[in-house]
Amino acid sequence: MATYFGEVLSVYSRAVEEDEYDDLEDENEEDVQIRREIEEKREVQVRWCPEVSKTLESSGELQCSNMIIAVGPSAAGFVSAYVLSAEGWTQVGWVSLWNERSRGSSRPDTVPQPGEPSFIIYQQNSSPSVLICQCTCYIAEDQLFQCAEKVLSSVQRRGLNVTVLSDSTLAEYKTPDYLNGSGTPFLRALKTSSYTGSMLCPLLEQPNIVTGLPAAVLSHCQVQRIPAVLFQCYTDVLHPDSVAMETYKPALSCLSTSVKLEACPSVEVLQKFTRISDAQSNLYT
Amino acid sequence: MICDQAYASPTPYQIYKVLTFTDFRSAQCVDQRFCAVNVKLTVLHVHSDFLCRFPLSLSVNSNYSIVYEIKLTMFVSSEDSTPSFKGFTLILPAVSVGNVGQLAADLIISTLNMPRVGHFHTDCLVPMAGNNPYSGGGGSGGGAEQLSTNAEVYSHSDLRLAVLQIRTPVLQTKVKSFRKLLVSWIKSSGFSRTVLLSSSHAHHRDDQQLHGTALRYLLSPALQDAEKSLKELGWTELERVCAFPGINDSEKRLYIPGGGVTKGLYTDCCTECVPLAVVLLFCSEGDNVPDTFTLTNHLNDWLHLLEKTPQGSTPWRVPSSWRLLFGSGIPPLLF
């Protein structure tokens, strides 16, 4: 699509070819079989550690007062550096899924290795009703709905509060003013109708929208009337950096009674989560 | 034998749990309460992942297998009670070329100040969330802070009108089930007629379609009585095109390239006896705002949603979410 100024925007065609749909009409038994197998392979599964599975079997759902879902490199890095390193957290489960970009199904029963893209669920030792989901893997469009549904349906809905932290590039943010790098990174919020807490940052302005797992989680919470709030960080740095991570700090301040934040993580800890952006080798290192 | 006593008054949430923990595809019983009966389950009409509402019935047939039917709906009301759409006209867009149908639905909701009455919660659409797209300028249903999702239903009881706005594309593998669910929702809600706003690739028009206006309509057999009034308005029906041009001119087919779900939904409504009108526009991708006004004005000629001003124009109100269609502000240093 070309704009008034002649530059070409990379907008994918929204038109849908009808022929592709026609193929679906006259599929035979084998096609159906293949389709079903693919669908089964792409199914999202939440896997819990033995203790939690036992609780789930007996009571059907986990007690949960606060669930924090961190999606994207900066948000996940923030959770690792500021929250998970601060006090006792235990990994209690993970989400196993397979798609073109996350081929986790070769060993769906093994816990993801540290550092590899994953979707891990942590539980606080001192207060087991606080859960943190840390998502760094790619979730395909057709798996998002299922993913949100599966994770949230295993916890008790009554008394549940959901906080979603997510990140996005500044290029995605639309504003009538010209944005230069000086005001970044910044937070914008979205909340469901049943969320009554105070807002710590401005609401996401129209015509900006969120997609992906944060959108799936918020939609689920809106429909199920679970109080949920999303903090989206817009940053102009591609990789997780300490400045972007720090912007999330106020977002969790309302949970300060249940989640303790490391006020100032040490350089080593921060470096561990920002190192991926270091140049692997160049003339000067 | 009906044995639904155990489900005399389950909360919607309990049923929902049953859905989540039961593997319907293999029709094997996982839920404890079903295991107690100790018979094989045969499941009818179940699409997992959808919210479940009443009624739910469970029965044992002569082969000692349990047959149970769960009526599912993807419509989730914003209020505690489900609004009645009996006798209403439903307008819904097809996700098609230039998003013309979706933009037209936006224009109608924004102008008529329609409050949101519910969400359409389905796994067939790509998830999306944002704040109220119609806020500002006395927008519908309050201020900016209203979470809006990928598909929502807006209603205007005086006009007996409901609009289903679909904001994201349908997942390729779920087109069929999406159509099925739409048709079942339309049927169960009791809409008197449904209008599908759509568009089709302008560059695919054949010789006969190139004549005259770019607007076309299609009516399902159940809505044939509307034909007379449409003919009086001078509307043109969408021409069938030759399946094999130049070789065999007798075999004609319905062809709506770039129309997304349009053709499938139309054929479904024809077989299911649903009164459906398709109103479509031939257009191309680009700035489709002018196309949207063309389509909406055309629809207004038929449905009389909005009175024309004495000058002959229709005062549509553009929603706030249409701003910045071409990206953010321009760096001031350019000048």
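Laboratory data are not the source of any read-out in this text; all were calculated from the coordinates shown. If you're wondering where the values come from, they're calculated on a predicted model, not measured in any experiment. Neighbour counts run over all protein chains shown; Cβ positions are idealised from the backbone, glycine included.
Quick check on A:Glu205: is it buried (at least 16 other Cβ atoms within 10 Å of the Cβ) and farther than 27 Å from A:Ser118 by Cβ?
Values: buried (at least 16 other Cβ atoms within 10 Å of the Cβ): yes; farther than 27 Å from A:Ser118 by Cβ: yes.
Here the answer is yes, as A:Glu205 does meet what is asked.
Looking only at the stretch B:87-128, how many residues end up being over 23 Å from B:Lys308 (Cβ atoms), touching a Ser or Thr at 6+ places or on another chain (Cβ under 8 Å) and assigned to a loop (DSSP other than H, G, I, E, B)?
Within the stretch B:87-128, residues that are over 23 Å from B:Lys308 (Cβ atoms), touching a Ser or Thr at 6+ places or on another chain (Cβ under 8 Å) and assigned to a loop (DSSP other than H, G, I, E, B) number 10.
State the number of residues belonging to the stretch B:316-330 that are out of contact with any Leu (no Cβ under 7 Å at 6 or more places or on another chain) and more than 20 Å from B:Asn131 (Cα to Cα).
Adding up the residues that qualify gives 2.
Is the stretch B:276-286 home to any residue that is within 11 Å of another protein chain (Cβ to nearest Cβ) and buried (at least 17 other Cβ atoms within 10 Å of the Cβ)?
Within the stretch B:276-286, one or more residues are within 11 Å of another protein chain (Cβ to nearest Cβ) and buried (at least 17 other Cβ atoms within 10 Å of the Cβ).
Report, ordered by the first and then the second residue, all pairs with beta carbons closer than 7 Å, sequence separation of six or more or different chains, a first member in the stretch B:87-116 that is over 11 Å from B:Val318 (Cα atoms), and a second member that is polar (S, T, N, Q) and in a helix (DSSP H, G or I).
If the second residue must be polar (S, T, N, Q) and in a helix (DSSP H, G or I), the pairs left are B:Pro93/B:Gln102; B:Ala94/B:Thr262; B:Val95/B:Gln102; B:Ser96/B:Thr262; B:Val100/B:Thr292.
Among the residues of the stretch A:238-262, write down those that are of a type in the set (Val, Ile, Thr) and either at the interface with chain B (Cβ under 10 Å from one of its Cβ atoms) or within 17 Å of A:Arg188 (Cα to Cα) (or both).
A:Val243, A:Thr247
Return yes when A:Val151 is within 12 Å of chain B (Cβ to nearest Cβ), of a type in the set (Val, Ile, Thr) and not in a loop (DSSP other than H, G, I, E, B) and no when it is not.
Details: within 12 Å of chain B (Cβ to nearest Cβ): yes; of a type in the set (Val, Ile, Thr): yes; not in a loop (DSSP other than H, G, I, E, B): yes.
Yes: the conditions hold for A:Val151.
Given B:Ser184, B:Ser200, which one is over 27 Å from B:Arg323 (Cβ atoms) and assigned to a strand (DSSP E or B)?
Values: B:Ser184 fails: assigned to a strand (DSSP E or B).
Checking each option against the conditions leaves just B:Ser200.
Any chance you could count how many residues in the stretch A:163-218 are at the interface with another protein chain (Cβ under 7 Å from one of its Cβ atoms), in a strand (DSSP E or B) and under 22 Å from A:Leu144 (Cα atoms)?
Looking only at that region, the number is 5.
Residue under question is A:Gly93, and the condition is that it be free of Cβ contacts under 8 Å to residues at least 60 places away in the same chain and surrounded by fewer than 19 Cβ atoms within 10 Å (Cβ to Cβ); does it hold?
Details: free of Cβ contacts under 8 Å to residues at least 60 places away in the same chain: yes; surrounded by fewer than 19 Cβ atoms within 10 Å (Cβ to Cβ): no.
Against the criterion (free of Cβ contacts under 8 Å to residues at least 60 places away in the same chain and surrounded by fewer than 19 Cβ atoms within 10 Å (Cβ to Cβ)), A:Gly93 does not qualify.
Are any residues in the stretch B:295-335 more than 14 Å from every other protein chain (Cβ to nearest Cβ) and either touching a residue at least 60 places away in the same chain (Cβ under 8 Å) or of a type in the set (A, V, I, L, M, F, W, C) (or both), and if so, which ones?
Filtering the stretch B:295-335 down to residues more than 14 Å from every other protein chain (Cβ to nearest Cβ) leaves B:295-317.
B:Leu295, B:Thr296, B:His298, B:Leu299, B:Asp301, B:Trp302, B:Leu303, B:Leu305, B:Leu306, B:Pro315, B:Trp316, B:Arg317, listed by residue number.
From the set of residues in the stretch A:221-257 that are among the hydroxyl-bearing types (Ser, Thr, Tyr) and in a loop (DSSP other than H, G, I, E, B), which is nearest to A:Leu200 (Cα to Cα)?
Of the stretch A:221-257, the ones among the hydroxyl-bearing types (Ser, Thr, Tyr) are A:234-235, A:242, A:247-248, A:253, A:256-257.
Still in the running and in a loop (DSSP other than H, G, I, E, B): A:248, A:256-257.
Working: A:Tyr248: 11, A:Ser256: 14, A:Thr257: 16 Å.
Here the residue is A:Tyr248.
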